[in-house]
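Before any comments, here is the structure.
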Amino acid sequence: MMKPRARIIGTGMYVPDRVVTNDDLAKRMDTSDEWIRQRTGIEERRYIEPGQQPADLASAATKNALEAAQLGPEDIDCIVLTTLSSQADFPGTSFFLQDQLGLSDTPCFDVRAQCSGFIYGLAVGNGFIHSGMYRRVLVVGCEVHSTGIDISDEGRDVAVIFGDGAGAALLEANDDESDDSGLLEIRLHAEGKFAKKLWIEAPGSGFWPVRINHELIDERRHFPYMEGRFVFKHAVRRMPEVLLETLHAASLKLEDVDLFLFHQANLRINEFVMEQMGIPAERCSNNIQRYGNCSSASIPILLDEAARSGRLEPGHIVSMTSFGSGFTWASAVLRW
Ligand code: ACO
């Protein structure tokens, strides 16, 4: 019997209502709308309101995905939540989401692969479905960056790029041999040698005798640190590499792809990659202009926007590619 292939049967997204423009940030740090647009393409991003929690975002995105699939929370066999900005150091975010969905014993856990998290999460969900362990797996990318960035002159290089948001995709086993929709191939990579080029150091269990103290905070080591140019150079090399590796594994060519979805770290990174690979702008979708970099939520938000705008038709080939902290890079290709 053919092993079931995972297909996406519903997508959803949620971003907080609070819009933060580049001019808003320029009131709080030495930056400008012109600098941010020119270097990153970002015009505005969303931040949570006081009282909003990561699981609220994940829950809203999940409800939209379930509605699209015409299913309820009880139809989910397993929840995989991807994040680098956990609601709590442990147990993470997925458990709060599970509770908010009104579920009491559905397995759930967090996957930590930063901006590549959603594609890593798809690989986990795909594996569960392929093995026959679960039939429906929810994969949710959820990030709240706004409470973890340094909104001051010292943190301006990183702070301007991040936004809050969540995106969800519900995977289901497709064992209908006449239906060729679903995930075709996924490839994952990582290079820990560069973990410290883009990271948040504290709180960390490597600090002794406590994970966080006033000194670490005074040294601003609880804020993200990024060697921007170094990261940029690796992103523009690794994304084409893994995209082509994945297409090759699926016996597809660049021309076969109807829609390319790249991680939304910086519009200039994506433009560079597209130019290098000869991908025309109309076959690519970006939303960093409106939401900034939502790390593991960026790709599922893009996917949901594409699905709801009618841009995706049955049979379309979609390629998703990411690069981020770890370093991690990954690509997935699916038939819609
Ligand atoms: N506003 C104004 N000036 C700024 C800002 C700002 N927000 N940030 C930095 N500058 C200044 C710097 O101080 C520097 O000034 P100097 O020339 O007087 O020293 C100048 O602008 C250039 O700084 P760079 O850091 O070299 O700027 P760069 O052109 O590299 O752009 C950026 C910075 C946008 C962050 C870019 O490096 C980038 O996008 N890198 C990759 C990001 C990425 O892919 N991250 C991975 C995903 S995120 C994740 O995984 C968590």
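With charges set only on the Cβ (+1 for Lys and Arg, -1 for Asp and Glu), what does the dipole of the chain come to about its Cα centre, in debye to the nearest 20?
Taking the Cα centre of the chain as origin, the dipole is about 720 debye.
Measuring from label point to label point, each 7 Å out along Cα→Cβ, what is the residue 23 to residue 222 span in nm?
With each label placed 7 Å out from Cα toward Cβ, I get 3.3 nm.
Counting heavy atoms of the protein chains only and a 1.4 Å probe, report the per residue accessible area for the chain as a whole number of Å².
Per residue, the chain has an accessible area of 44 Å².
Mind checking the dipole of segment 182-335: about its Cα centre, +1 per Lys or Arg Cβ, -1 per Asp or Glu Cβ, Debye to the nearest 20?
Numbers: 18 positive and 18 negative charges, 64 e Å.
The dipole of segment 182-335 has a size of about 300 debye.
Of the options 103, 25, 204, report the single residue whose Cα projects farthest towards the positive end of the charge dipole of the chain (beta-carbon charges: Lys, Arg +1; Asp, Glu -1).
It is 204.
I'd like the distance between the alpha-carbon centres of segment 22-50 and segment 132-188, rounded to an integer number of Å.
Cα centres, segment 22-50 to segment 132-188: 23 Å.
To the nearest Å, what is the center-to-center distance of segment 251-280 and segment 317-336, using C-alpha atoms only?
Cα centroid of segment 251-280 versus Cα centroid of segment 317-336: 11 Å apart.
Please list, in order along segment 25-38, the HN-Hα scalar couplings obtained from phi with the Karplus expression 6.51 cos²θ - 1.76 cosθ + 1.60 (θ = phi - 60°), rounded to whole Hz, x for Gly and Pro.
Working through the residues one at a time gives 5, 5, 6, 10, 7, 7, 8, 8, 4, 5, 4, 5, 4, 5 Hz.
What percentage of the solvent-accessible surface of the chain, computed with a 1.4 Å probe over protein heavy atoms, is contributed by carbon and sulfur atoms?
49 percent
What are the residues whose amide H is under 5 Å from the amide H of residue 190, where those residues sit 5 or more places off or on another chain and H is modelled from the backbone?
329
Which far-off residues, 5 or more places away or on another chain, put their amide H under 5 Å from the one on residue 134, with H placed in the peptide plane?
Correct list: 129.
P(r) tail for segment 6-157, what percent of Cα pairs lie past 23 Å?
Working: 4872 of 11476 pairs.
Looking at segment 6-157, the distances longer than 23 Å represent 42 percent of pairs.
HN-Hα J couplings of segment 45-61 from phi, Karplus 6.51/-1.76/1.60, θ = phi - 60°, integer Hz, Gly and Pro as x?
Computed from phi, the couplings for segment 45-61 are 8, 10, 10, 5, 8, x, x, 6, 10, x, 5, 5, 5, 4, 5, 5, 5 Hz.
Can you tell me the order of 136-142, 262-268 when each peptide is scored by its average per-residue count of other Cβ atoms within 10 angstrom, highest first?
136-142, 262-268
Provide the three semi-axes, in whole Å and in decreasing order, of the ellipsoid equivalent to the chain as defined by the square roots of 5 times the Cα gyration tensor eigenvalues.
The answer is 30, 24, 19 Å, longest axis first.
Can you give me the distance in nm between label points at residue 74 and residue 241, each placed 7 Å from the Cα along the Cα-to-Cβ direction?
Output for this residue pair reads 4.9 nm.
If the label point is 7 Å along Cα→Cβ of residue 213, which residues in segment 75-112 have backbone nitrogen under 20 Å from it?
none
When we measure straight from the Cα of residue 233, which lysines land under 29 angstrom away, once same-chain ones fewer than 8 places off are left out?
Straight-distance partners of residue 233: 193, 196, 197, 253.
Where a ≥ b ≥ c are the square roots of the eigenvalues of the C-alpha gyration tensor, would you call segment 121-274 rounded, which needs a/c under 1.5, or, failing that, prolate if a/b is larger than b/c, or oblate?
Taking the square roots of the gyration eigenvalues as a ≥ b ≥ c, segment 121-274 is prolate.
Tabulate in residue order the Karplus-calculated ³J(HN,Hα) for segment 299-313, using 6.51 cos²θ - 1.76 cosθ + 1.60 with θ = phi - 60°, rounded to whole Hz; enter x for Gly and Pro.
5, x, 5, 4, 4, 5, 4, 5, 5, 6, 7, x, 6, 9, 10
The values are calculated or read from the model by the stated rules, or taken from the named source; none is laboratory data. Predicted model, so just to flag it, every value in this text is computed and none were measured. Cβ atoms come from the backbone with ideal geometry, glycine included; neighbour counts cover every protein chain shown. These area figures cover heavy atoms from the full protein model, side chains too; ligands, DNA and RNA do not enter into them. Shrake-Rupley method; radii C 1.70, N 1.55, O 1.52, S 1.80 Å.
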